[in-house]
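Worksheet: one structure, shown below.
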Amino acid sequence: MLDEIINQIQKEFEKDIQDADSLKKLEEIRIKYLARNGSVTLLFDKLKEASKEEKPLLGKKLNELRNSVTEKFNSKKELLEKSETSSKEFIDLTLPGKTVKLGSKHILTQTLEEIKQIFKSMGFSVFEGPELESDYYNFEALNFPADHPARDMQDTFFINQKFLLRTHTSPVQIRVMESMQPPVRAIMPGRVYRNEAINARSYCTFQQVEGLYVDTDVTFAELKGTLVSFAKQFYGSSLKYRFRPSFFPFTEPSAEMDITCFICNGKGCRICKNSGWLEILGCGMVDPNVFKYVNYDSEKYVGYAFGMGIERIALLKYGINDIRLFFENDLRFLKQF
Amino acid sequence: MKISLNWLKEYIDLSDLSTNEIVDKLTMSGLEVEDVTDENELYKNFIVAEVKSVSKHPNADKLSVCEVFDGKENLQVICGAPNVAAGQKVVFAPIGTIIPNGNFQIKKAKIRGVESNGMICAEDELLLSDDHSGIMVLNENLPAGRPITEALNLNDVIFEIAVTPNRPDALSHIGVARDLSAIFNRDLRIPEINLKESKHKADEIASVEIIDSVNCPRYSAKIVLNVEVKDSPEWLQNKLTKIGLRPINNVVDVTNFILHEIGQPLHAFDLDLLEGKKIIVKSTNEEKEFVTLDSKLRKLPKGTLMICDAKREVAVAGVMGGENSEINPSTKNILIESAYFNPSSIRRTAKALQLSTDSSYRFERGTDPSITKYAAERAAQLIAEISGGEVAEGIIDVYPKIIERKEIILRYQRVTKILGYEISNGKIHQILSRLGIALKDLDENSLLASVPTFRHDLEREIDLIEEIARVNGYDNIPVVPKISITLERKIDQQKFEDEVRNIISSLGFYEMINNPLESEWEAKLTGNPISLANPQSVEMSCLRTSLLAGGLNSVKRNLNFGVRNMMLFEIGNVFNKKSDSSINTFEDISEKQNLILILSGKEEEKSWLDQEKYFDFYSLKGFVNAFIQKISLDNQLTDLYYSSENELYNYHWTKNFNNVVVGIGGKVKKEVLNKFDINQDVFVFEFNLTALKQITPEAKKYFEPPKYPKVIRDFAFIFDKYVQYLDVKNFILKKASKLLKSVELFDIFESESLGRDKKSMAFTLEYYDESRTLTEDEVEKDFNYLISEILKEFNAKLRG
């Protein structure tokens, strides 16, 4: 008797679940069979009425029925849920996302940071000095005699007889050496000024990075090693270079470092004035006269110094053809970096 | 400085060396060759041609159709020069030739419908002179077809050499040859003097007196009588032309030749124009006017070293001669001045007169005091040879205190110590001797060097080491593969500004770099500016006193570029005079590093996600406070608000540390923006980074997140319109129990229904205790208490 009912309910359920095409209909099925007054639940009440002998077998059958109904119901539910969400909640994932403001550091700052990072990894500290300098620090203590043509190498903006806008970052060398005893290993980045006409190739202000190392056993060979390592890290390890004698009052011997023109690969072009070489920095061994000004013993200590212009390096590296672009602050330019 | 290779070869044998080798070695030993003009290359296709016939161009008045014979065939060529005529020998550029002036190639072309097969050249097209009045007409005996490199002697190589200021000794052909003699280890040949002197004695004809012997340590004079002033012979004109000088006459040309041969500037006076046939060297003791030989009236400052005769000034010593005594076509007798002047005296004069000549350029760098006699004699010999004059016997040579050669001890091991590699003693000897330095071995470790007087730059051991290093080649200095680093703490004085840049740029700002030089009115907007003594222009006459004007100029430029929405920042130094008195010490100057933030235009563009929104004061405040929080100074700084306007802002606020303003900003006034042609709102905030850097940020501390639930209560009141949010918030915090942990404004509005001059502000209050769960009762009690206090204090009405 109960057997028949079980079979009947089973058949009826199979049909209903087959026909269910929405979660709403499925909910009706749940109420009809599985809820508190559902037909399957009610069957368990009937179990109480069954005889002791019948009970185990019937109980097993009822459990099988409930399990099978529950399982089929759940898998149908899962199926319907999937299809109904995909049809109802359509989302256009191709719409543009929220505009996030990026911001950036100036390309000259980025260039400087890259340079600083390389020298810091080689044990250099970073020092600063004032842009408005005295003649003493900018020239005299750097071994530029008064009334000497060497002063013409740098067109100077003067405030008065005694004060000026520094023409190079080298005065910071003096300030650093005045403040400490060797060993001194430092770079000194900063803004410098030159009374030069403003055009595509030159500007009245630019940034330099100065370098200084003073200790008991510093050599020109170490200067070369350090700068070659810097240049290879910054410009690429396959670079070719040369050191050429030059003149700075505060170094002796003095040199300029050239690297192969990376625009033409050394064949000669407009940028390198057909020489195949690009000058990237000036350097040399600290002149003993400079040590005199800072009371270092030039018999005991030897030093090297170097200096490079950031704008020039960035112009070359990014193929920018007009130095004035750095100072216009056109956002269409700034956003490129 | 231009140097002719052919001329150079008169003093040193370079026949086995290629031009490239010479150029490379010169550059790599310190005489940088900036440009090379190889005439053989430049003029390789040009030939002599004969103009056979000339007829008028059918379609153009100013053009001629010429028949030109190039040595092989007749060619039809169109020519625009007025002087072209049949029978002339001309310089002809066949098809394919590159014209030096303008660097263009000659092609077969139709000019106004008539075919042309080449070009007849003018001097300027060949870079031989500036003359473009007509074509260059050559000697009629030259055969057609001959290359002009042969016909016109255009077979030289001209170097443009940049000589550094420490090397005046290299400012001549012999000077360059001396370096080459050291580089290639070969002999230097200095021309010998071979004088035929007359019986007239120089010191009986004229006399020289030096009054200012500090500024004129030596004055040598040679006299040549009965010269005939005329054009120089071709060889001399040719030499001068090659290095870019204009031939003048045989006397002046010789003095110029000597200057470029050996580096000693000379001046020739018309002896008969010298009053009393006397030379007196002295400095002026008052301001004077003087006409130099370029016919210009010059104002001479007091203390200018002058060459005078018995009565008057006749030359500005070392710079330029005077018109009153210059060589002229009727000059018969001459006095050749060959002197050594104090470099700084000449430099002061040249600077004061703003006049740089070949002479002053060399004197102010330092010429050779020992060479004056040789140079005067060589000049006298040449002048006599080419002008038919006779050289008076002897030389007038006033040299009160002889300038001695310097002696320097060089230790071999010091060379190794400085350079980091060893150069053999033999090599060291060779290099120094070739440079003209006399050597004596002291012992096995050192030598004594006696430095010639033309090497002013060699004073110390280190200077000799440089000579050795550069001549031996910097390429030979090894590149060390490793360095040692001390383990002490490294200092980075830019760490803070680097961090600030990272924070500000990550908030969405773009970094600007503005010119720190600006006009006075701009600099005066924000401070007491320091002005330049020698500005380039009024627009760049002062140092900026803040970053505001530079920033506003960048806003303007962007508006001009069509960019209207901006978030900009800059970090830079600003300069102020501390008082109105003049600047004597660093104490009179304030140089600080500032940071400026600028907002203008739209914060949000209208999009499918967002409503359009313009930047306002609260955008600025949000960014400024985010920055301050990022550098952990939010508890150190206090805010002060100013809702009324001042010179720069409609309203503004300041960030303060210990009652000192460290930042200021707000909405920039229209009157200010108008000066920069900006027609939209701009919000700025400027910090004194130097001050911020010195404030110790609050140490980071960990707070355990609350374990027990928070109790949240909201209330809203109608206030008088002028009641400020911050006053209400602070009042609540003051009156509330310790359990109140935060008060946030969540709504504010004004409306008709609230009444005139009224506004509603709604707050959310958060209560909690770190150690227990709060009861509703205790929160309710405090909340009700706050309501009643607010109603009383602000005369407010509770809305809900």
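Whole-Hz Karplus values for region B:738-751 come out as 5, 6, 6, 9, 7, 10, 10, 6, 10, 7, 8, 7, 10, 7 Hz, taken residue by residue from phi with 6.51 cos²θ - 1.76 cosθ + 1.60 and θ = phi - 60°; glycine and proline positions read x.
Within the accessible surface of chain B, defined with a 1.4 Å probe on protein heavy atoms only, the carbon and sulfur portion equals 47 percent.
So what's the Cα pair-distance distribution over region A:229-268, bin width 5 Å, in %? Histogram of Cα-Cα distances, whole percents per bin: 6, 21, 23, 19, 16, 11, 4.
Mean separation of Cα pairs under 8 Å and 6+ residues apart, divided by the residue count of chain B: what relative contact order is that in percent?
Details: 1567 pairs, mean separation 64.8, N = 800.
Value for chain B: 8 percent.
Counting heavy atoms of the protein chains alone, B:F657 has an accessible area of about 60 Å² for a 1.4 Å probe.
Just to be sure I understand: if you take the accessible area of chain B alone plus chain A alone and subtract the pair, with a 1.4 Å probe, what total do you get in Å², rounded to 100?
Numbers: alone 41660 and 19700 Å², together 53470 Å².
Separately minus together, B and A give about 7900 Å² buried.
Taking a ≥ b ≥ c as the square roots of the eigenvalues of the Cα gyration tensor, an a/c ratio of 1.5 or more together with a/b no larger than b/c marks region B:649-731 as oblate.
From the Kirkwood radius over Cα pairs of region B:70-136, Stokes-Einstein at 4 °C and 1.567 mPa s returns a whole-number translational diffusion coefficient of 104 µm²/s. Taking only the alpha carbons of chain B, we obtain Rg and Dmax values of 41.3, 132 Å in that order.
What Kirkwood radius, in Å to one decimal, follows from the Cα pairs of region A:263-337?
On the way: mean 1/r = 0.0634 Å⁻¹.
When all Cα pairs of region A:263-337 are included, the Kirkwood radius is 15.8 Å.
On the basis of the beta-carbon distance and an R0 of 60 Å, B:E393 and A:Q117 show a calculated FRET efficiency of 0.20. If you run the Gaussian network model on chain A, springs between alpha carbon atoms under 10 Å, then out of A:F230, A:F206, A:F90 the most flexible one is A:F90. The mean sequence separation of alpha-carbon pairs under 8 Å and at least six residues apart, normalised by the residue count of region B:102-165, gives a relative contact order of 15 percent. Note on region A:22-150: along the principal axes its Cα atoms extend 127, 37, 19 Å, ordered by decreasing extent.
With a ≥ b ≥ c taken as the square roots of the eigenvalues of the C-alpha gyration tensor of region B:387-456, please select rounded if a/c is under 1.5 and otherwise prolate if a/b is larger than b/c or oblate if it is not? Before the final figure, lay out each step's value.
Details: a/c = 3.76, a/b = 2.59, b/c = 1.45.
Since a/c reaches 1.5 and a/b is larger than b/c, the shape of region B:387-456 is classed as prolate.
Of all segments of chain A bounded by trypsin sites (Lys or Arg not before Pro) found in a DSSP loop with no more than 10 other C-beta atoms within 10 Å, the longest spans A:99-269.
Around the Cα centre of chain A, unit charges on the Cβ atoms of Lys, Arg, Asp and Glu (plus for the first two, minus for the last two) sum to a dipole of about 900 debye.
Can you count the Lys pairs in region B:351-470 whose Cα atoms are under 28 Å apart, with each pair 8 or more apart or on different chains? Step by step, the pairs that qualify in region B:351-470 add up to 11. Each of B:W235 and B:K401 was given a label point 7 Å from its Cα along the Cα-to-Cβ line. The distance between the two points is 4.3 nm. Take the alpha-carbon centre of region A:272-337, take the same for region B:1-33, and report the distance between them in whole Å. Centre-to-centre distance over Cα atoms comes out at 29 Å. Model label points for B:S788 and B:K440, set 7 angstrom from Cα along the Cα-to-Cβ axis, are 11.1 nm apart. Backbone phi angles across region A:224-231, fed through the Karplus curve with coefficients 6.51, -1.76 and 1.60 (θ = phi - 60°), yield HN-Hα couplings of 4, x, 5, 6, 5, 4, 4, 4 Hz in residue order; Gly and Pro are listed as x. With angles folded into 0 to 90 degrees, how steeply does helix B:461-472 sit against the dominant principal axis of chain B? Use alpha carbons for both and round to 10. Tilt of helix B:461-472: around 70 degrees.
The helix-based estimate of mean residue ellipticity at 222 nm for chain B, built from -39,500 (n - 2.57) per DSSP H run of four or more residues and divided by its residue count, is -7500 deg cm²/dmol to the nearest 500.
Computed over the Cα atoms, what is the radius of gyration of region B:100-171 divided by 2.2 N^0.38 Å, N being its residue count? Provide the component values of the computation, followed by the final result.
Values: Rg = 17.9 Å, N = 72, 2.2 N^0.38 = 11.2 Å.
Normalised Rg, Cα atoms only: 1.60.
When the alpha carbon coordinates of region B:45-161 are projected onto the principal axes, the ranges are 49, 29, 24 Å, largest first. Cysteines in chain A that lack a partner Cβ within the 4.7 Å cut-off: A:C204, A:C283. Simple spin-label estimate for B:A626 and B:E385 gives 8.3 nm between the two label positions (7 Å along the Cα-to-Cβ direction from each Cα).
Beyond 20 Å, what percent of the Cα pairs of region B:597-662 remain? Don't skip to the end; give the middle numbers.
On the way: 880 of 2145 pairs.
Percentage above 20 Å: 41.
The mean of 1/r over all pairs of different alpha-carbon atoms in the protein assembly as shown, once inverted, gives a Kirkwood hydrodynamic radius of 37.9 Å. For chain A, the alpha-carbon coordinates run over 126, 44, 43 Å along the three principal axes, in decreasing order.
Accessible surface calculations at 1.4 Å, restricted to protein heavy atoms, place the protein assembly as shown at 47 Å² per residue. Entry note, chain A: the mean residue ellipticity at 222 nm calculated from DSSP H runs of n ≥ 4, each adding -39500 (n - 2.57), is -12500 deg cm²/dmol after division by the residues and rounding to the nearest 500. Region A:219-241 and region B:226-242 have Cα centres spaced 52 Å apart.
Summarised in one figure, the compactness ratio Rg/Rh of region A:1-84, Cα atoms and Kirkwood Rh, is 1.03.
Going by a ≥ b ≥ c, the root eigenvalues of the Cα gyration tensor, does region B:686-800 fall in the rounded group (a/c under 1.5), the prolate group (a/b larger than b/c) or the oblate group? Walk me through the numbers on the way to the answer.
Numbers: a/c = 2.62, a/b = 1.18, b/c = 2.22.
Judged from the Cα gyration tensor, region B:686-800 comes out oblate (a/c at least 1.5, b/c at or above a/b).
Measuring nothing but alpha carbons in region B:272-316 and taking Rh as the Kirkwood radius, the Rg to Rh ratio lands at 0.96. Over all distinct Cα-Cα pairs of region B:463-580, the Kirkwood formula returns a hydrodynamic radius of 18.7 Å.
Taking all protein chains together and rolling a 1.4 Å probe, A:L95 ends up with roughly 80 Å² accessible. In the complete set of protein chains, residue-level accessible area for B:W521 is approximately 110 Å², probe 1.4 angstrom.
The values are calculated or read from the model by the stated rules, or taken from the named source; none is laboratory data. All of these numbers come straight from a predicted model, not from anything done at the bench. Virtual Cβ from ideal backbone geometry, glycine too; neighbours counted across all protein chains shown. Heads up: the accessible areas ignore ligands, DNA and RNA and are worked out on the full protein's heavy atoms, side chains in. Shrake-Rupley method; radii C 1.70, N 1.55, O 1.52, S 1.80 Å.
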